[in-house]
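Worksheet: one structure, shown below.
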Amino acid sequence: MRLTGRLCKFLCDADKRSAKMVLWGIHWEGKMKWRSWRHCVGITLLVLMSILLLQPLAFAQAVGPAGEVVVYSARIESLIKPMFDAFTAATGVAVKYFTAGEKELFERLHSEGANTPADVFMTVDVGNLWLAEHASLLQGFSSEVIDKNIPSHLRAKDNTWVGLSVRARPIMYSTERVKPDELSTYEALGEPKWQGKLCFRTSKKVYTQSLVAAMIHTLGEERSEGILRRWMANQPRIFDSDSKLLEAIAAGQCDVGVANTYYLAALLAKTPKFPVAVFWPNQGDRGVHINISGAGITKYAKHRDHAIKLIEFLSAPEAQNLYGDVNYEYPANPVVKPNTLITAWGEFKADTMDIAAAGELQTAAVKLMDRVGYK
């Protein structure tokens, strides 16, 4: 009643001025004079009824003619909406999405259980996907499309999670103070000549944890610990973001670092003469460390068929090109060529280890970094 009264008062106040009203497409304007409170109530009820009648229509439009699929995404809206819009245009299936950090999404999926509205979980880094899989938040599925589009080392064996873009994490260097022939491998960053000249991402970030986990998988824990101790002996500056790390190299706070390529691509898109370049390390042995962004179907998905259709679409050329054009990431589908901005850095040998191992060894990587004082 209080709401009705307030709305009625608002409508009645229009008595003092010319009014313009558009309701259900009917345009009416003129000098309104309300002669009684009863008339005000009548108009108020008409407005309230129009709202109630239009709500179901708006909801139906949001669902889309072919149904809907609900996504929980740790990726921000600007990086995923272009793909979702393309999917809806191609299939008629509407995509509803909620974005938040990995921790919050994990907690939501745990607490919601079988009542979760989420059909698809999207995130970055295999470490996060592996954790979601082993927390029983995801389910596997069979798909000839995925088997064809995504190499086996970039997805779980039963497609519990599927890599949808590739993220290379090479060495970055100052073009003003470092020559490329001074660089060789990740391990060589522990050489004394780099004392006080290194920048690294914090050990608290999953990107760093997966890099170290991959080293443990390939080189063994003992050798990896020796490499990290030599890194730390060079007293690197530690940053909480790759963008800040790259800006520090440009500013002369350090000369060399390790970062994901799409951060540099974004900076170069804004500042073409940004004085930092890519060096592809370990080309004579295991290759450049890579990771993924990806997705999986939630354990209690209500729209499983649409969820599979969405992930299949994201693995196909149209969406894979968007990953490159919007996010500056490498496509996970090998038939799709990367964005021209990043192809300018040349081809490189990537580490082809089963990327799931980087997830399995996350705990070992964190413990190793704690032992060597990597903060």
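Among the residues of region 71-118 satisfying the criterion of being open to solvent by 20 Å² or more (accessible area, probe 1.4 Å) and among the β-branched types (V, I, T), which is nearest to the chain's Cα centre (by Cα)?
I76
It is to be established whether one or more residues within region 176-184 are in contact with a strand residue (DSSP E or B) (Cβ under 9 Å, 6 or more places away or on another chain) and crowded, with 23+ Cβ neighbours inside 10 Å.
No; the residues of region 176-184 include none that is in contact with a strand residue (DSSP E or B) (Cβ under 9 Å, 6 or more places away or on another chain) and crowded, with 23+ Cβ neighbours inside 10 Å.
Table: residues versus (1) aliphatic (A, V, I, L, M); (2) on the phi > 0 side of the Ramachandran plot; (3) without any contact (Cβ under 8 Å) to a residue 24 or more places away in the chain.
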site	(1), (2), (3)
V95	yes, no, no
F98	no, no, no
G101	no, no, no
F106	no, no, no
G113	no, yes, no
G127	no, no, no
A135	yes, no, no
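Just one of the numbered conditions (1) under 26 Å from K81 (Cβ atoms); (2) touching a residue at least 60 places away in the same chain (Cβ under 8 Å) is not true of V336; which one?
(2)
Scan region 296-320 for residues that are crowded, with 18+ Cβ neighbours inside 10 Å and in a helix (DSSP H, G or I) and jot them down.
Within region 296-320, H306, A307, I308, K309, L310, I311, E312, F313, L314, S315, A319, Q320 qualify.
Just checking, which of L164, L183 is at pLDDT 95 or above, over 22 Å from V336 (Cβ atoms) and not aromatic (F, W, Y)?
None of the others qualify; the one that does is L183.
Taking region 231-243 only, how many residues are surrounded by fewer than 20 Cβ atoms within 10 Å (Cβ to Cβ), touching a Phe, Trp or Tyr at 6+ places or on another chain (Cβ under 7 Å) and of a type in the set (D, E, K, R)?
Looking only at that region, the number is 0.
With out of contact with any Gly (no Cβ under 6 Å at 6 or more places or on another chain), open to solvent by 20 Å² or more (accessible area, probe 1.4 Å) and more than 20 Å from E312 (Cα to Cα) as the only criterion, which of E133, E144, E187 stands out?
Just a single option satisfies the conditions, and that option is E187.
Identify all residues within region 335-364 that are farther than 25 Å from V206 by Cβ and open to solvent by 90 Å² or more (accessible area, probe 1.4 Å); write none if there are none.
Within region 335-364, the first condition is being farther than 25 Å from V206 by Cβ, and the residues that meet it are 335-337, 340-341, 343-344, 346-347.
Those that are farther than 25 Å from V206 by Cβ and open to solvent by 90 Å² or more (accessible area, probe 1.4 Å): V335, K337, T340, E347.
Since V276 meets every condition but one in (1) at pLDDT 95 or above; (2) surrounded by 19 or more Cβ atoms within 10 Å (Cβ to Cβ); (3) out of contact with any helix residue (DSSP H, G or I) (no Cβ under 7 Å at 6 or more places or on another chain), which condition does it not meet?
In the conditions (1) at pLDDT 95 or above; (2) surrounded by 19 or more Cβ atoms within 10 Å (Cβ to Cβ); (3) out of contact with any helix residue (DSSP H, G or I) (no Cβ under 7 Å at 6 or more places or on another chain), V276 misses (3) alone.
If P151 satisfies every condition in (1) touching a residue at least 60 places away in the same chain (Cβ under 8 Å); (2) over 29 Å from V336 (Cβ atoms); (3) surrounded by 13 or more Cβ atoms within 10 Å (Cβ to Cβ) but one, which is the exception?
It is condition (2) that P151 fails.
Looking at (1) within 16 Å of F106 (Cβ to Cβ); (2) in contact with a Lys or Arg (Cβ under 9 Å, 6 or more places away or on another chain); (3) buried (at least 24 other Cβ atoms within 10 Å of the Cβ); (4) not charged (D, E, K, R), which one does F121 not meet, given that it meets all the others?
(2)
Test of understanding: among N282, N327, which residue is in contact with a strand residue (DSSP E or B) (Cβ under 9 Å, 6 or more places away or on another chain) and under 18 Å from L164 (Cβ atoms)?
On the way: N282 fails: under 18 Å from L164 (Cβ atoms).
The conditions single out N327.
I'd like to verify a number: residues in region 195-213 that are open to solvent by less than 10 Å² (accessible area, probe 1.4 Å) and more than 30 Å from P317 (Cα to Cα), how many?
5
Counting only residues that are assigned to a helix (DSSP H, G or I) and within 13 Å of the chain's Cα centre (by Cα), how many does region 122-139 have? Please lay out each step first, then the result.
We begin by selecting, within region 122-139, every residue assigned to a helix (DSSP H, G or I); these are 126-134.
Okay, now just the ones that are also within 13 Å of the chain's Cα centre (by Cα), so 126, 128-129.
Result for region 122-139: 3.
Pick out the one residue from L267, L246 that is touching a Leu at 6+ places or on another chain (Cβ under 9 Å) and open to solvent by less than 20 Å² (accessible area, probe 1.4 Å). Outline the logic, then answer.
Numbers: L267 fails: open to solvent by less than 20 Å² (accessible area, probe 1.4 Å).
Answer to the selection: L246.
The values are calculated or read from the model by the stated rules, or taken from the named source; none is laboratory data. Fair warning: this is a prediction, and the values are worked out from it, not measured in the lab. Every residue, glycine among them, receives a Cβ derived from its backbone with ideal geometry; neighbour counts consider all protein chains shown. Accessible surface is based on the protein model in full, side chains and every heavy atom, while ligands, DNA and RNA are left aside. Shrake-Rupley method; radii C 1.70, N 1.55, O 1.52, S 1.80 Å.
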